[in-house]
1. Determine, yes or no, whether residue 88 is part of a loop (DSSP other than H, G, I, E, B), closer than 23 Å to residue 125 by Cβ and within 16 Å of the chain's Cα centre (by Cα).
2. For the range 8-39, give me each residue that is surrounded by fewer than 19 Cβ atoms within 10 Å (Cβ to Cβ) and farther than 15 Å from residue 96 by Cβ.
3. Can you find a residue in the range 4-11 that is in contact with a strand residue (DSSP E or B) (Cβ under 8 Å, 6 or more places away or on another chain) and under 17 Å from residue 105 (Cβ atoms)?
4. Can you name every residue in the range 4-39 that is part of a helix (DSSP H, G or I) and closer than 15 Å to residue 92 by Cβ?
5. Which number in (1) touching a helix residue (DSSP H, G or I) at 6+ places or on another chain (Cβ under 7 Å); (2) surrounded by 12 or more Cβ atoms within 10 Å (Cβ to Cβ); (3) farther than 16 Å from residue 12 by Cα marks the one condition that residue 104 misses?
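Derivation of every value follows stated rules applied to the coordinates shown; laboratory data play no part. Bear in mind the structure is a predicted one, so any value in this text is a computation, not a measurement. Counting neighbours? That spans all protein chains shown, and the Cβs are built from the backbone with ideal geometry, glycine included.
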């Protein structure tokens, strides 16, 4: 899926690209359906396919938290580290969407990437 900056999801994707120009892929994802609302890739990674699979990661973690009775806790983000990549899943404030980001681990500071994603929360609520 491409994106249009006329939607909040598309504007968030554009803002992330502007702030992290070396990203490999990004998607704004609806948790209930697993569908990308907007996405972009600078690599061979298909962010729309990844969105569907990562939706299951989020849902399973939410189920685990319920089973562990972690009341009052919410997921801020989920980090998956690969040999050369960081995959970051940032849950948007209302818990209905997440931002999926893939960056090269050697070229990107994790703290900066997290802050760039958090800065989009108000836009996506």
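1. Against the criterion (part of a loop (DSSP other than H, G, I, E, B), closer than 23 Å to residue 125 by Cβ and within 16 Å of the chain's Cα centre (by Cα)), residue 88 does not qualify.
2. 11, 14, 15, 17, 18, 19, 21, 22
3. No - not one qualifying residue is present in the range 4-11.
4. Passing the criteria: 8, 9, 10, 11, 12, 13, 15, 16.
5. Going through the list (1) touching a helix residue (DSSP H, G or I) at 6+ places or on another chain (Cβ under 7 Å); (2) surrounded by 12 or more Cβ atoms within 10 Å (Cβ to Cβ); (3) farther than 16 Å from residue 12 by Cα, residue 104 breaks only (1).
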